[in-house]
Amino acid sequence: MFLPNAKLRDVFNEPACEKNQGKDARTRKVGCSKPLTPGAAAGGCAFDGAKIALQPITDVAHVIHAPLACEGNSWDNRGAISSGSALWRTSFTTDLTELDIVMGQGERKLFKTIREISQAYAPAAIFVYSTCVTALIGDDIEAVCKHAAAKFGLPVVPINAPGFVGSKNLGNKLAGEALLDHVIGTAEPDDAGPCDINIIGEFNLSGEFWQVKPLLHRLGIRVRACIPGDARYLDIACAHRARAAMIVCSTALISLARKMEERWDIPFFEGSFYGIAATSQALRNIADLLVRKGADPALIDRTEALIAQEEALAWKKLAAYRPRLEGKRVLLNTGGVKSWSLVDALMEIGIEIVGTSVKKSTVEDKERIRQTLKEENQIFESVAPRELYAMLSQGHADMMLSGGRTQFVALKAKTPWLDINQERHNPYAGYDGMVELIRQIDLAIHNPIWSQVREPAPWDSCPAVEDELTSTTSASTTSRAPEKFAHTTAKAVGQG
C-alpha cells in the first residue's frame, strides 16, 4: 500500500522545528528532505531509515517483506548493543521471487512467514516492513498484520515506509509514527512512578547508554523506555506513562517526542550526554522536569550532589591529558547532535576546534555551534573529499573525528583519525565516556606511527639511492625482456 499523502504532510509539518515554522505554508508542504535522484546513491532510503530506528528493539522479530536483496543491514546494525535477547540481530525476509510477484503470492507468503516466526521464536512482537517492490505491487501489509495478530495472539506491527517515498530521515520519522499508531499506549504498567522518564533517539551505540543509566538509577530515576536502544517491546508499549522525556537525536524522532507531549502531557527537552558539562546539564534538566511534574523537590539537591561528585572524579582523571592535548587542533566531520555536543566536550579539555560539519543538524544544533565557535567559517554543511584532503595534508588540523566513510581521506593525508559515528567500538557518553574519548584522542595523536609515515622515503631523501634503484630496475627489465619475448615467440611458433 502507498502511504497516504496526508500522512506524509503530517510528518513534514513539524511544529517543534523552528526551521520548518520559518517557511511559508506552501513551502512547508513540500517537506524537509531533498528529492532523490533516480539511480543515484542517496545515502539511504525510507525503508533503511525505518529499520535503523526500530531494529535495536531487542525482543522483536523484524520481517522484511521484499526480495532477498532488500535486506542488507542486519547483524551488528549501527553498533547498537542489547543486554537481553539477541533476536533483533537476526533479520527475516519473505524472499519474494519473480514468480511470487507475478502470481500475486506476496501476501500469502508474508502470512506464512509470520506464522513460522511466531512458532519458532515466540517473539514479543513482529514488525513487518514494506519495501519498494511490495508497495508497488499493492500488497496490503496492514491487513495481513491485523489478521496475523488475531490468529497468533501477538502484536504484528506494519511499518509502512517503502524506500521510494523519500530519504532515510523520512524513514526515521515514519518509524516513530508506526510506534505511535500501533505500540505506545497499548499496555499499562503496574509500577508507574513519579520519576519515570523516556529517552528518545538514543541507540545505545557500543553500550554507551549503560554509562548514563546507572547515574539516573542513583538518583532514583527510572528509564521507562529508551527508544530504541536496548529497548523491549513492552517498555515502549508502556512509554506513555513516563513523566518526562529527553530527546537525544531530534533529527530522527522529534515528531515522536512532540506528539507524545500532545497526547499524554510528557514534557521533553533536547540534550546530550557527550561531555562533562552537557551530561551535567542533561541530569539537571531531567530532574527539573520531574519535579515540575510532581516528583520530590529533594531530587534537585540529590542531582547537584551527584554532579559535583562525578565531575570532580572525571576532571581528576582528565588532568593528565590536558598538558598533552591543550592547543591541539581537531576537525569534526560528523552531523546531528554530535556536531555541537562534541564541540563543547572537546573544548572543555583545551582542544581547539578548527571546524565542524552541520550535516543533518537541526536549526537549534547550528545555533548552539555558532554560540560556541563564534567564527562562521568554522561551520560547514559538507566538504568534498578533495578539499578535506587539502585541509588535512596542509596541516590545518592535528586530527580528524568522523565516520568511516572519510577515514581514508585522513589516512592518505597521514593524519590521525578517530571514528565517532555509529560504527564506533568505544562508548563516549557520560562522564566515563568523556574520559574514554579523550584517552582515545590522546592515543591517536601521540601514536609514533604518524611521525614515521610523515618522514620522507629513503629514495626521496638520498638521490644516490634513488639513482641506484632506478638503474637496477632498468637493467633487470632490459635483461629479462628478450628472454621473455623469445620464450613467448617459441611457444607461439611451436603451437602453430
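The values are calculated or read from the model by the stated rules, or taken from the named source; none is laboratory data. Since the structure is predicted, the reported quantities are computational estimates derived from the model, not experimental observations. So basically every Cβ, Gly included, is an ideal-geometry build from the backbone, and we count neighbours across all protein chains shown.
Can you find even one residue in the range 161-178 that is without any contact (Cβ under 8 Å) to a residue 60 or more places away in the chain and either closer than 25 Å to Ala46 by Cα or not in a helix (DSSP H, G or I) (or both)? Outline the logic, then answer.
Here is the first cut: in the range 161-178, the residues without any contact (Cβ under 8 Å) to a residue 60 or more places away in the chain are none.
No, the range 161-178 contains no residue that is without any contact (Cβ under 8 Å) to a residue 60 or more places away in the chain and either closer than 25 Å to Ala46 by Cα or not in a helix (DSSP H, G or I) (or both).
Taking the range 226-272 as the region of interest, how many residues are touching a residue at least 60 places away in the same chain (Cβ under 8 Å), within 19 Å of Pro123 (Cβ to Cβ) and of a type in the set (Asp, Glu)?
Of the residues in the range 226-272, 1 are touching a residue at least 60 places away in the same chain (Cβ under 8 Å), within 19 Å of Pro123 (Cβ to Cβ) and of a type in the set (Asp, Glu).
Within the range 314-339, work out how many residues are hydroxyl-bearing (Ser, Thr, Tyr), in a loop (DSSP other than H, G, I, E, B) and modelled with pLDDT under 90.
Here is the first cut: in the range 314-339, the residues hydroxyl-bearing (Ser, Thr, Tyr) are 321, 334, 339.
Still in the list and also in a loop (DSSP other than H, G, I, E, B): 321, 334.
So of that shortlist, the ones also modelled with pLDDT under 90 come out as 334.
Final tally of qualifying residues: 1.
Say we look at the range 312-325 and pick out the residues that are of a type in the set (D, E, K, R) and surrounded by 11 or more Cβ atoms within 10 Å (Cβ to Cβ); which of these is farthest from Leu346 (Cα to Cα)?
Let us first name the residues in the range 312-325 that are of a type in the set (D, E, K, R), namely 316-317, 322, 324.
Then drop every residue that is not surrounded by 11 or more Cβ atoms within 10 Å (Cβ to Cβ), which leaves 317, 322, 324.
On the way: Lys317: 15, Arg322: 11, Arg324: 13 Å.
Checked the range 312-325; the qualifying residue farthest from Leu346 (Cα to Cα) is Lys317.
Within the range 91-103, can one find any residue that is at positive phi, touching a helix residue (DSSP H, G or I) at 6+ places or on another chain (Cβ under 9 Å) and touching a residue at least 60 places away in the same chain (Cβ under 8 Å)?
Within the range 91-103, the subset at positive phi is 95.
Retained after the next criterion (residues that are touching a helix residue (DSSP H, G or I) at 6+ places or on another chain (Cβ under 9 Å)): 95.
Now restrict to residues that are touching a residue at least 60 places away in the same chain (Cβ under 8 Å): none.
No, the range 91-103 contains no residue that is at positive phi, touching a helix residue (DSSP H, G or I) at 6+ places or on another chain (Cβ under 9 Å) and touching a residue at least 60 places away in the same chain (Cβ under 8 Å).
Of all residues being part of a loop (DSSP other than H, G, I, E, B) and small (Gly, Ala, Ser) in the range 179-203, which is farthest from Asp235 (Cα to Cα)? Just the residue, please. Even if it seems obvious, please write down each step before you answer.
Of the range 179-203, the ones part of a loop (DSSP other than H, G, I, E, B) are 183-195, 203.
Filter again for small (Gly, Ala, Ser), leaving 185, 187, 192-193.
On the way: Gly185: 10, Ala187: 9, Ala192: 12, Gly193: 14 Å.
My answer is Gly193.
Can you spot a residue in the range 133-148 that is in contact with a Gly (Cβ under 9 Å, 6 or more places away or on another chain), of a type in the set (D, E, K, R) and modelled with pLDDT of 90 or more?
Scanning the range 133-148, I find at least one residue that is in contact with a Gly (Cβ under 9 Å, 6 or more places away or on another chain), of a type in the set (D, E, K, R) and modelled with pLDDT of 90 or more, so the answer is yes.
Among the residues that make up the range 302-310, is at least one of them under 25 Å from Ile221 (Cβ atoms), at pLDDT 95 or above and assigned to a loop (DSSP other than H, G, I, E, B)?
As a first pass, look at the range 302-310 and keep what is under 25 Å from Ile221 (Cβ atoms): 302-310.
From what's left, at pLDDT 95 or above: 302-310.
Keeping just the survivors that are assigned to a loop (DSSP other than H, G, I, E, B) gives none.
No: the range 302-310 contains no residue that is under 25 Å from Ile221 (Cβ atoms), at pLDDT 95 or above and assigned to a loop (DSSP other than H, G, I, E, B).
Within the range 161-186, how many residues turn out to be modelled with pLDDT of 95 or more and farther than 20 Å from Glu262 by Cβ?
Final tally of qualifying residues: 0.
Based on what the data block shows, is Gln309 assigned by TED's automatic domain parsing to the domain that holds Cys249, surrounded by fewer than 16 Cβ atoms within 10 Å (Cβ to Cβ) and among the polar types (S, T, N, Q)?
On the way: assigned by TED's automatic domain parsing to the domain that holds Cys249: yes; surrounded by fewer than 16 Cβ atoms within 10 Å (Cβ to Cβ): yes; among the polar types (S, T, N, Q): yes.
Spelling it out, Gln309 is indeed assigned by TED's automatic domain parsing to the domain that holds Cys249, surrounded by fewer than 16 Cβ atoms within 10 Å (Cβ to Cβ) and among the polar types (S, T, N, Q).
Working carefully through the options Lys112, Lys146, find the one that is outside the structural domain of Ile227 (by TED's automatic domain parsing) and under 29 Å from Leu253 (Cα atoms). Steps first, answer last, please.
Values: Lys112 fails: under 29 Å from Leu253 (Cα atoms).
Going through Lys112, Lys146 in turn, the sole match is Lys146.
Across the range 68-98, what is the number of residues that are touching a Gly at 6+ places or on another chain (Cβ under 7 Å), at pLDDT below 85 and assigned to a loop (DSSP other than H, G, I, E, B)?
Going through the range 68-98, the residues touching a Gly at 6+ places or on another chain (Cβ under 7 Å) turn out to be 80-81, 96.
Among the residues that remain, those that are also at pLDDT below 85 are: 80-81.
Still in the running and assigned to a loop (DSSP other than H, G, I, E, B): 81.
Total satisfying the criteria: 1.
Quick one: Gly207 ticks every box in (1) touching a Pro at 6+ places or on another chain (Cβ under 7 Å); (2) surrounded by 24 or more Cβ atoms within 10 Å (Cβ to Cβ) except a single one, so which number is it?
Among (1) touching a Pro at 6+ places or on another chain (Cβ under 7 Å); (2) surrounded by 24 or more Cβ atoms within 10 Å (Cβ to Cβ), Gly207 violates only (2).
Yes or no, residue by residue, for (1) within 30 Å of the chain's Cα centre (by Cα); (2) within 24 Å of Cys45 (Cβ to Cβ); (3) in contact (Cβ under 8 Å) with a residue 40 or more places away in the chain:
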residue: Glu116; (1), (2), (3): no, no, no
residue: Ala124; (1), (2), (3): yes, no, yes
residue: Tyr129; (1), (2), (3): yes, yes, yes
residue: Ala135; (1), (2), (3): yes, yes, yes
residue: Glu142; (1), (2), (3): yes, yes, yes
residue: Pro155; (1), (2), (3): yes, no, yes
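Looking only at the range 410-425, count every residue that is surrounded by fewer than 15 Cβ atoms within 10 Å (Cβ to Cβ) and not in a loop (DSSP other than H, G, I, E, B) and tell me the total.
Qualifying residue count, the range 410-425: 2.
Condition first: of a type in the set (A, V, I, L, M, F, W, C), touching a Gly at 6+ places or on another chain (Cβ under 9 Å) and part of a loop (DSSP other than H, G, I, E, B). Can you find one or more residues in the range 110-124 that meet it? Break it down stepwise before answering.
If we filter the range 110-124 for residues that are of a type in the set (A, V, I, L, M, F, W, C), which is where we start, we get 110-111, 114, 117, 120, 122, 124.
Restricting the remaining residues to those that are touching a Gly at 6+ places or on another chain (Cβ under 9 Å) gives none.
No: zero hits.
State yes or no: is Leu342 outside any loop (DSSP other than H, G, I, E, B), surrounded by 23 or more Cβ atoms within 10 Å (Cβ to Cβ) and at pLDDT below 85?
yes
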